[in-house]
Amino acid sequence: MNIISSGDCIVSGNYQLHSKFEKVVNFSNGKKLLSFVTKVTGNGPVNIVVNNIDAFKKPDEILLKNHVLIYGANIFKLQNYSHYNSGIDEIKFDQNIISENIIKLLLILIKQSAPLSLAFIFDKSRINNFFSSFEKKFIQKVNSAIEKIKQGEIIKGIEMLRGCGFGFTPSGDDFITGMLNAFYIIHKISGKQDLVKLRRKIYLTAQTENIISHNAIHFASKGRFNEVFKALIFSLNEDNDELLKKNTIKLLQTGETSGADTLTGFLFTFVNKNTFVNIN
């Protein structure tokens, strides 16, 4: 049983088992999260990548103190393993390439994303995939929220999207995460300081009791990215269609609709960026 790497935003604490799945085991300490994941899931701000995920499905409690991981008789010093950098400060963004790739991303999203994802925001024919009364009400609420945002009532739209939808992380929360990811990059490109305040307002408005959503939204507001999304951002800044498609599809394979919903929020923000900031 070996640890491969650990995230750069992990904090000390006494963590209790929160949830476990085939490729992820989550532990929580209040609203703080610690996730043990497989190499397929990859790195993230609070992820610890391991080569035997089943070993971490057994304990109900894990202690992390001064970068030392303890459970039972097992002790791991995280400083002895690879350290993941969730920031993107090393990327020098080319706005022209990004603008071209955003259009390509939209086409991939519409063609490849799951039927019940939020991609219907860009392709209304996808609404035909939603049948139940709950699903139809969900579409109505999302469309109303999107209209509010387009009209400049951003916070009102965020309030409507928060916790909206189905899945382990609600679709609306994933969409907000994608918006915050985009706002961080748009701020890096434009230098518009007003976006810092807007990100903060969105983060505070999007507060949720869903710990997984809370952490995703929190780190997105801070400009911290998991490995899959960071790879996509790198390819978004490159003139390489094959790499862009490969990394986009990998993101779309995250959860049932989570990756697609996050990407939808990301693309929506770029497409409508003039609603939020005028980039020269």
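To keep it simple, each residue is scored yes or no on (1) under 22 Å from Ile217 (Cα atoms); (2) at pLDDT below 95; (3) open to solvent by less than 10 Å² (accessible area, probe 1.4 Å); (4) not in a loop (DSSP other than H, G, I, E, B).
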position	(1), (2), (3), (4)
Leu109	yes, no, yes, yes
Arg126	no, no, no, yes
Val142	yes, no, yes, yes
Glu147	yes, no, no, yes
Thr169	yes, yes, no, no
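Is there a residue in the range 254-267 that is buried (at least 22 other Cβ atoms within 10 Å of the Cβ) and assigned to a loop (DSSP other than H, G, I, E, B)?
Checked against the condition, which is being buried (at least 22 other Cβ atoms within 10 Å of the Cβ) and assigned to a loop (DSSP other than H, G, I, E, B), the range 254-267 yields at least one hit.
Only residues in the range 105-126 that are under 18 Å from Asp173 (Cβ atoms) and in contact (Cβ under 8 Å) with a residue 60 or more places away in the chain count as the first member; pair them with residues that are of a type in the set (Val, Ile, Thr) and part of a loop (DSSP other than H, G, I, E, B), Cβ under 6 angstrom, at least 6 apart or cross-chain, and list the lot.
Ala114/Thr257; Leu116/Thr257; Ser117/Thr257
Is it the case, given these coordinates, that Asn74 is surrounded by 12 or more Cβ atoms within 10 Å (Cβ to Cβ), more than 25 Å from Phe219 (Cα to Cα) and modelled with pLDDT under 95? Steps first, please.
Details: surrounded by 12 or more Cβ atoms within 10 Å (Cβ to Cβ): yes; more than 25 Å from Phe219 (Cα to Cα): yes; modelled with pLDDT under 95: yes.
Yes: the conditions hold for Asn74.
Which of the following residues is open to solvent by 20 Å² or more (accessible area, probe 1.4 Å) and either under 28 Å from Thr38 (Cβ atoms) or not polar (S, T, N, Q) (or both): Ile176, Ile185, Ile249?
Ile249
Could we say that Phe183 is under 24 Å from Arg126 (Cα atoms) and in a helix (DSSP H, G or I) here?
Criteria not met by Phe183.
Filter the range 252-280 down to the residues that are under 11 Å from Asn181 (Cβ atoms) and among the aliphatic types (A, V, I, L, M) and list them by number.
Step one: list which residues in the range 252-280 are under 11 Å from Asn181 (Cβ atoms), which gives 262-263, 265-267, 269-270.
Listed by number, the residues that qualify are Leu263, Leu267.
Where the second residue is open to solvent by 50 Å² or more (accessible area, probe 1.4 Å) and of a type in the set (A, V, I, L, M) and the first is closer than 20 Å to Lys222 by Cβ and lies in the range 19-46, which pairs have Cβ atoms under 7 Å and are six or more apart or on separate chains?
That search, which allows pairs on different chains as well, returns Lys32/Val11.
Here is a list of conditions, (1) open to solvent by less than 40 Å² (accessible area, probe 1.4 Å); (2) in contact with a helix residue (DSSP H, G or I) (Cβ under 7 Å, 6 or more places away or on another chain); (3) part of a helix (DSSP H, G or I), and Ala55 meets all of them except one; can you say which number that is?
So Ala55 meets the others, but not (2).
The values are calculated or read from the model by the stated rules, or taken from the named source; none is laboratory data. As the structure is a prediction and not an experimental result, all values here were calculated from the model. As a convention, Cβ positions derive from the backbone with ideal geometry for all residues, glycine included, and neighbour counts pool all protein chains shown. When the accessible area is computed, the model is the full protein with side chains, heavy atoms only, and any ligands, DNA or RNA have been set aside. Shrake-Rupley method; radii C 1.70, N 1.55, O 1.52, S 1.80 Å.
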